[in-house]
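The block underneath contains the structure these notes are about, expressed in structure tokens.
The values are calculated or read from the model by the stated rules, or taken from the named source; none is laboratory data. Remember, predicted model here, so these are calculated numbers, not experimental data. A quick note on method: Cβ atoms are made from the backbone with ideal geometry, for glycine too, and the neighbour counts reach across all protein chains shown. For the accessible areas, the whole protein counts, side chains as well, though only heavy atoms, and no ligand, DNA or RNA atoms are used. Shrake-Rupley method; radii C 1.70, N 1.55, O 1.52, S 1.80 Å.
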2 protein chains.
Amino acid sequence: MAIDQDPPRRRFLKAGVAAGAALGAGSVAHAATNTPLKQLKQPVDPMLMVEPFFGEHQAGIVTPQQSHTYVAALDLTTDKRDDVIGLLKTWTDAAARMSRGDTAKPLPADDKAAPDSGDILGLGAAGLTITFGFGPGLFTHEGRDRYGLEKRRPAALVDLPRFNGDQLLPQKTGGDILIQACANDAQVAFHAVRQLARMGYGIVAMRWGQAGFLSGPRGQTPRNLMGFKDGTNNPSTAQPALMNQFVWANAPDAPWMNGGTYTVVRRIRITLEHWDTMERGFQEQVMGREKYSGAPIGKKNEFDALDLDAADKDGNQVIPENSHVRLSNQATNNGAQILRRSYSYNDGTDFYIERWPPWRQETEYDAGLIFVAHQSDPRTGFIPINDRLAKFDMMNQFTTHVGSAVFACPPGVRPGSFIGAGLFEA
Amino acid sequence: MAIDQDPPRRRFLKAGVAAGAALGAGSVAHAATNTPLKQLKQPVDPMLMVEPFFGEHQAGIVTPQQSHTYVAALDLTTDKRDDVIGLLKTWTDAAARMSRGDTAKPLPADDKAAPDSGDILGLGAAGLTITFGFGPGLFTHEGRDRYGLEKRRPAALVDLPRFNGDQLLPQKTGGDILIQACANDAQVAFHAVRQLARMGYGIVAMRWGQAGFLSGPRGQTPRNLMGFKDGTNNPSTAQPALMNQFVWANAPDAPWMNGGTYTVVRRIRITLEHWDTMERGFQEQVMGREKYSGAPIGKKNEFDALDLDAADKDGNQVIPENSHVRLSNQATNNGAQILRRSYSYNDGTDFYIERWPPWRQETEYDAGLIFVAHQSDPRTGFIPINDRLAKFDMMNQFTTHVGSAVFACPPGVRPGSFIGAGLFEA
């Protein structure tokens, strides 16, 4: 890690380390390392964690989930290819700086407009990862090939079909560029997107932004707002073969994407008020899992294998036909798996008509799931899986998909290069 | 702390303690104590902190700020005084349980609808505090004295006047009951309000809910989204005399409020995009403080005294006439002080017309401040202070007050009693 020469910034970084030392015993020795938490024997203060920005893959895809996210989609407003390249270079430098706990650019000594809002001064890197993606609009925009990239659009970067029950809002859907920042602190995550968006003024415009969070005892599967453990059946990020098979792109038509991934984001509102009044036994039938243990119905432990053929004494399926785990399981999806890395969201309240009798009009939570899924190809991953879920999942009576987007997230960056360089270097 | 007999709940609590022990060295010994962090010599895992629910004052008022909040206002929909009393008793029991890391009610052994959504199972108490307040509508509702309480309405519980520039949205304003949950975890804070609101089904209806967060090196003044330290000039909660003078209610017309406080909540949207383009020197003139150090302009350190009479060599005021710190300072407000305990909020993006040239229509952040201020009397606290700010504060060009509410937060509860008992026991 390079030490920057800017005195105020260094002072703040030192202050942050000192504050962390006072908070978390045993954490200081790891403050400047890139070692993920799970590999550490000593506890580490989550505010002092540092994730590497440069690498074979982008950070924030197989990185153990941090406690907060800010996901944003931006639209390109320029017609100039060089503007896009220039912005990606600027973003690469800034993302690398912020990932190590620094400001987006060096702070000037004078009183002029600073290139950083400064709200993270004194905080640590907080495990910040910044993940970039390219939406269909980078390649084709209203039928035009703005940047000479149309021929390089990967076949896997499809426009998502309309799914049964979709209620997509334009202001929560689509986008030419994805920026997902994840960190162990809400302000650190938002700060990253805010600085990057500001740097793109005149080249990109914000399309939508969304904060999210995740609560869970570290190292255990967290529970989402439905009270169920979410992510149990993810392919293991500790197994590179699984990641190569299901997560990392490697299609011959777009070699610039090798080592990248395709990312689907869905904003799924959950009618928590309705869900909360359901019997626990019914909730478990919907999910196909026991609520408290996380085990498949009829099993004891969370990670017990899902037995989709199990039947009770009357011959009925133990895991219900239209339960979420059955419909989303690889066994019923031609072996397809996707790496889910979702966050809960909580945007206060809004005015809705209830989805259940007596269908009152009332103020309800605008809360739910920012579903984020990574895969080597959405045509064999999210699309067929969600097609079945959208048609048959019992959970649909409690959920509404109100936002949707798909992005090609290029591979990681090596120092001296920039994000997505392979796409532009023909 | 009483040990409950419900096995699943105990199991989860134990799991939470074990997970915490793996995370924060030195924290276990303090897991079950009520000692606030600042009094501890050993570091403590924020997820394992427990704040006492019972006491002379309600928790969450002078409690050191946790990292997350969920603030909600509910409207009473019943005409029956006994319904209100019954709900307050139910809420008291549930709040005491949740404050020690437990579910809102014991979980039943059968598969029936559980009285708790279960999303906090395995998490600790996370320093949860739950603060209740009574809005004007508890005393008078559309000209009617629904519960026989009109004569007991404290004179200090005034309806707030309209302030210059107010752009209040009905769906973010008012409410008969305040519930503010604060915790070191977003899910724990929201969980508390969600269970309490659900228990009130048929008696109360949600009016508005709002999530918030606070980032800062623990023990230092946190920076808000404007990048400035926020709360430096608060009266010290370590000085009981100051709290008695400025925070705790003690008016003779409403002895049932003695030891309580009056709480103003304002949802203040900040045009961050606009603010970020301002020169730092100008931002500091707006605030009246140095951005990086937090010191008053012209001083070195954050806690240096504010010298409102200081002038430069040309005789100009060093702290500008219309700066935020001058207008809000006690010296310019007849000595009035309020205890601010605000959180940032971040509800993604929405469509706005810019407040600055060229006044484009565009997608912007719906982010800002959930301003929360406690005081012994709003008529000498928030109202005159905000009246001046609303008229003259240079910051107004970056802020819009879109939500507002005022509540009488009764004193704390003693075990065996219930929140607000003094109001109903005539």
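Between copies, the label points of B:ASP312, set 7 Å from Cα on the Cα→Cβ line, lie 8.0 nm apart, reported in increasing order to one decimal in nanometres.
Per-residue mean of foreign Cβ neighbours for A:270-280 is 4 (Cβ atoms of other chains, 10 Å radius).
Principal-axis analysis of the Cα atoms of chain B puts helix B:7-23 at an angle of about 40° to the longest axis.
Cα axis of helix A:81-99 to longest principal axis of chain A: angle in degrees, 0 to 90, nearest 10? Relative to chain A, helix A:81-99 is tipped by roughly 80 degrees.
Please compute, for peptide B:64-75, the average count of beta-carbon atoms on other protein chains lying within 10 Å of each residue's beta-carbon.
The shielding value for this peptide is 2.
Step through the table entries A:LYS80/A:LYS105; A:LYS89/B:LYS300; A:LYS80/A:LYS151; A:LYS105/A:LYS151, compare each Cα-Cα distance with 28 Å, and write down the pairs that go over it.
In this structure, A:LYS89/B:LYS300; A:LYS105/A:LYS151 exceed 28 Å between Cα atoms.
When peptides A:333-344, B:239-250, A:130-141, A:260-271 are sorted by average Cβ neighbour count within 10 Å, with the highest value leading, the order is A:260-271, A:130-141, A:333-344, B:239-250. In this view, the solvent-accessible surface of B:LEU306, computed with a 1.4 Å probe and all protein chains in place, comes to about 50 Å². Of all aspartates and glutamates in the structure, those lying under 20 Å Cα to Cα from B:LYS299, and not within fewer than 8 positions of it along the same chain, are A:ASP110, A:ASP111, B:ASP230, B:GLU279, B:GLU284, B:GLU290, B:ASP307, B:ASP309, B:ASP312, B:ASP314, B:GLU321. Sorted into 5 angstrom bins from 0, the C-alpha pair distances of the range A:261-335 split as 3, 14, 19, 24, 17, 14, 6, 2, 0 percent. Relative contact order of the range A:292-426, taken over Cα pairs closer than 8 Å and 6 or more residues apart, is 18 percent.
The heavy atoms of B:MET394 present about 50 square angstrom of accessible area, all protein chains included, probe 1.4 Å. Per-residue SASA remark: B:GLU150, around 80 Å² accessible (1.4 Å probe; ligands, DNA and RNA not included). Debye calculation, C-alpha points only, no solvent: report log10 I(q)/I(0) for the protein assembly as shown at q = 0.06, 0.07, 0.09, 0.10 Å⁻¹, in the same order as the q values. So the normalised log intensities work out to -0.38, -0.53, -0.90, -1.12. Farthest towards the positive end of the charge dipole of the protein assembly as shown, among the residues A:ASN333, A:PRO217, B:PRO384, is the Cα of A:PRO217, using unit charges on the Cβ of Lys, Arg, Asp and Glu. Note on B:202-211: average number of Cβ atoms from other chains within 10 Å of each residue's Cβ is 4.
For the range A:351-370, the residues whose backbone nitrogen is under 16 Å from a point 7 Å from the Cα of B:ALA205, taken along Cα to Cβ, are A:351-365.
Relative contact order for chain B: 22 percent, from Cα pairs under 8 Å spaced at least 6 residues apart, divided by residue count. Report the Cα centroid-to-centroid distance between the range A:332-389 and the range B:235-254 in angstrom, as an integer. A separation of 48 Å, based on Cα centres. Each chain gives up part of its surface: B and A jointly bury about 5700 Å² of accessible area, both sides summed, for a 1.4 Å probe. Any chance you could give the angle, 0 to 90 degrees and rounded to 10, that helix B:382-392 forms with the longest Cα principal axis of chain B? So the helix axis and the longest Cα principal axis differ by about 30 degrees.
Peptides A:103-110, A:211-218, B:220-227 ranked from most to least packed, by the mean per-residue count of other Cβ atoms within 10 Å: A:211-218, B:220-227, A:103-110.
For the pair B:ASP93 and B:ASP309 in one chain, pulling the backbone fully straight at 0.36 nm per residue adds 72.5 nm over the alpha carbon distance. Annotation: extensible slack from A:TRP359 through A:GLN245 equals 36.5 nm (criterion: 0.36 nm per residue apart, minus Cα-Cα distance). Rounded to the nearest whole Hz, the Karplus-based 3J(HN,Hα) values (6.51 cos²θ - 1.76 cosθ + 1.60, θ = phi - 60°) of the range A:209-219 follow the sequence x, 8, 8, x, 8, 8, 10, x, x, 4, x, with x at glycine and proline.
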